[in-house]
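Participant: Got a structure here, written out as structure tokens. Questions coming.
The values are calculated or read from the model by the stated rules, or taken from the named source; none is laboratory data. All of these numbers come straight from a predicted model, not from anything done at the bench. Backbone-built Cβ (ideal geometry, glycine too); neighbour counts: all protein chains shown.
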Amino acid sequence: MRRPLTRSELDAIREQIHGDALGPQELVTAVVTAVFDALLTGQARTYRDVRDDALFDRDNYAIPASQWTAIVTTVTDRAYTWGAATSTGMDLAALLPTSYDDPAVPTPLLKPIDDNPKLRRLDISSDATATVASCQQHLIELAAAYGTDSDLYRDATASWSLQLTNLISGPPSAHRVLHPDGPLSLYVSTDDASHYSIAFEPLAPHCTVAGCHAVTAADGHWQPSHPDATVLDHEHQPSHPADGPQPGRWITRP
Ligand SMILES: [Zn+2]
């Protein structure tokens, strides 16, 4: 018995893969049952009837390799939820029918029906974990320099927290990878080709005297914050020293 699974049989298998299995073993049993029940259609018996039968040889059954691979891959992804991807894939491969090559049979889509996978994937390169630690360290230094009650510390912390939340609660289907992108910045790539940066934007020291709109340029000189801005003729009071830990905030950059 070798044949491709039909569209409705694949739908039933897909439902089992993304169903309410309580653990990897239940998942494997549910998927194997759905596959064999499909192949046993018309034989007046189900997988439950034959699974422990000594005469039942699962190698007598085969499905196209494209379908076989899609089932194993999707189940393996699903089993990440329990941290059991590899063992589940091996268990499943041992219990499924065999496969045969048929280039005419396309790879079926077995993604979750509501496109809302149980597990969100976010991979972090080891270099990126070091950058994340540096960002946290930068916040600690801002707290030490300006106090946890300062706007400089609070603005930086709030922007960092917002970026992390966005990262974790991103679109459900995209598989994202976090890379370093400078000492305090990160780059997020996704498998749907969208990407963005979480960039640290330093805040230039500005004068804190009321009515004066001077900011320091990159070379350290004072200048108007915009061409028409009022700059008082006095000794400017910088919001923070240029040589301490740099306040700023993390912004999203396309
Ligand atoms: Zn000033």
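Participant: I'd like to know if the stretch 149-169 contains one or more residues that are more than 14 Å from the chain's Cα centre (by Cα) and on the phi > 0 side of the Ramachandran plot.
Facilitator: No, the stretch 149-169 contains no residue that is more than 14 Å from the chain's Cα centre (by Cα) and on the phi > 0 side of the Ramachandran plot.
Participant: Further, regarding this structure: Which of the residues that make up the stretch 192-224 are touching a residue at least 24 places away in the same chain (Cβ under 8 Å), closer than 22 Å to PRO245 by Cα and aromatic (Phe, Trp, Tyr)?
Facilitator: PHE200
Every residue, every condition in (1) within 21 Å of ALA174 (Cα to Cα); (2) in the same structural domain as VAL188 (by TED's automatic domain parsing), yes or no:
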{"position": "LEU96", "(1), (2)": "no, no"}
{"position": "VAL105", "(1), (2)": "no, no"}
{"position": "SER126", "(1), (2)": "yes, yes"}
{"position": "THR131", "(1), (2)": "no, yes"}
{"position": "GLN137", "(1), (2)": "no, yes"}
{"position": "ALA144", "(1), (2)": "no, yes"}
{"position": "GLY147", "(1), (2)": "no, yes"}
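Participant: Also: How about the stretch 47-159: which helices (runs of 4 or more DSSP H) wholly inside it have at least 3 residues that are in contact with a Phe, Trp or Tyr (Cβ under 8 Å, 6 or more places away or on another chain)?
Facilitator: Numbers: elements: 47-50, 65-79, 85-95, 126-146.
Filter on the stretch 47-159 gives 126-146.
Participant: Here's something else I'd like to know. Report whether or not LEU122 is of a type outside the set (Lys, Arg), touching a residue at least 60 places away in the same chain (Cβ under 8 Å) and either crowded, with 18+ Cβ neighbours inside 10 Å or closer than 27 Å to ILE168 by Cα (or both).
Facilitator: no
Participant: Report, by residue number, each residue of the stretch 198-239 that is among the hydrophobic types (A, V, I, L, M, F, W, C) and more than 22 Å from TYR153 (Cα to Cα).
Facilitator: Listed by number, the residues that qualify are CYS212, TRP222, ALA229, VAL231, LEU232.
Participant: Residue check: is THR74 touching a helix residue (DSSP H, G or I) at 6+ places or on another chain (Cβ under 7 Å), crowded, with 16+ Cβ neighbours inside 10 Å, farther than 30 Å from VAL50 by Cβ and of a type in the set (Ser, Thr, Tyr)?
Facilitator: Numbers: touching a helix residue (DSSP H, G or I) at 6+ places or on another chain (Cβ under 7 Å): yes; crowded, with 16+ Cβ neighbours inside 10 Å: yes; farther than 30 Å from VAL50 by Cβ: no; of a type in the set (Ser, Thr, Tyr): yes.
The answer is no for THR74.
Participant: Does the stretch 219-244 hold any residues that are near the ligand (Cβ under 10 Å from one of its atoms) and surrounded by fewer than 12 Cβ atoms within 10 Å (Cβ to Cβ), and which are they?
Facilitator: If the condition is that a residue be near the ligand (Cβ under 10 Å from one of its atoms) and surrounded by fewer than 12 Cβ atoms within 10 Å (Cβ to Cβ), then THR230, ASP233, HIS234, GLU235 are the ones that fit.
Participant: Something else now. Report yes if ASP151 is within 16 Å of the ligand (Cβ to nearest atom), more than 17 Å from ILE124 (Cβ to Cβ) and either loosely packed, with under 11 Cβ neighbours inside 10 Å or without any contact (Cβ under 8 Å) to a residue 12 or more places away in the chain (or both), otherwise no. Break it down into steps so the answer makes sense when it comes.
Facilitator: Details: within 16 Å of the ligand (Cβ to nearest atom): no; more than 17 Å from ILE124 (Cβ to Cβ): yes; either loosely packed, with under 11 Cβ neighbours inside 10 Å or without any contact (Cβ under 8 Å) to a residue 12 or more places away in the chain (or both): yes.
When the stated conditions are applied, ASP151 does not pass them.
Participant: Could I ask something else about it? How about the stretch 1-29: which of its residues are charged (D, E, K, R) and either free of Cβ contacts under 8 Å to residues at least 24 places away in the same chain or not in a loop (DSSP other than H, G, I, E, B) (or both)?
Facilitator: Across the stretch 1-29, the qualifying residues are ARG2, ARG7, GLU9, ASP11, ARG14, GLU15, ASP20, GLU26.
Participant: Condition (residue is in a loop (DSSP other than H, G, I, E, B), surrounded by 12 or more Cβ atoms within 10 Å (Cβ to Cβ) and within 15 Å of the ligand (Cβ to nearest atom)) applied to the stretch 245-254: is it met by at least one residue?
Facilitator: No, the conditions are met nowhere in the stretch 245-254.
Participant: Additional query: Within the stretch 205-218, can you find the residues that are within 40 Å of the chain's Cα centre (by Cα) and near the ligand (Cβ under 10 Å from one of its atoms)?
Facilitator: HIS206, VAL215
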